[in-house]
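Each reported figure results from applying straightforward, stated rules to the coordinates on display, with no laboratory input. Source: prediction; values computed, not measured. Because the Cβ atoms are built from the backbone with ideal geometry, glycine has one as well, and the counts that use them run over all protein chains shown.
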Amino acid sequence: MPQSPSCRAERQGSTHSAGSQYADCVLDDLDYRLIALLRSDSRTPVAVLARELGVNRSTVTSRIDRLVDNGVIEGFTIRVSGDLEHDSVQGVMLVATENSRSHEIVRELRGYPELEQLHSTTGTWDLVLQIRARNLSEFDLVLERVRAIPGVRTTQTNLLFSSLRTV
């Protein structure tokens, strides 16, 4: 069972809240630099991270452990080559929900392996989902499953043809 995160952010001498869920842990410049390096390649060896940051390996290891334990880092992931998934179908689904059911909907969506990204937003739509499926039939099944979730009022889906910029 993951611990509930509790950290606040401190950057360049000024402390600011990184959200009420991070109230006890302080993020400093080293933490932000470490997170940036891990974002670019989460498999970077600790020795390389330590050298890049100018600290010893035990410092990097303890920082990573603290960031994970406090929920700042939620996981380490991979990016798959676009060549491998060139036949996949990608799309963005906009979802309007019943406000009283938003948390349950998000909890269920987090279990969908086809979901690459899930965002909450303001305006007409409550959620933005980025979906990837192996083919159009599987993509359509994902859309049906999302629409069948209790509390989903309406959706709008747009297929993505090409990525002009990725992170």
* Asked: Any idea what the dipole of the stretch 105-151 comes to, in debye rounded to 20, about its Cα centre with Lys/Arg Cβ at +1 and Asp/Glu Cβ at -1?
  -> 100
* What's the exposure ranking of Glu114, Glu98, going from fewest to most Cβ atoms within 10 Å? -> Glu98, Glu114
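For a quick protection proxy, order the peptides 122-130, 88-96 by their average other-Cβ count within 10 Å, most packed first. Walk me through the intermediate numbers first.
Values: 122-130: 14.6, 88-96: 18.8.
The densest-packed peptide leads the list: 88-96, 122-130.
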* Asked: If you look at just the Cα atoms of the stretch 89-160, how large are its Rg and its Dmax in Å?
  -> 11.1, 33
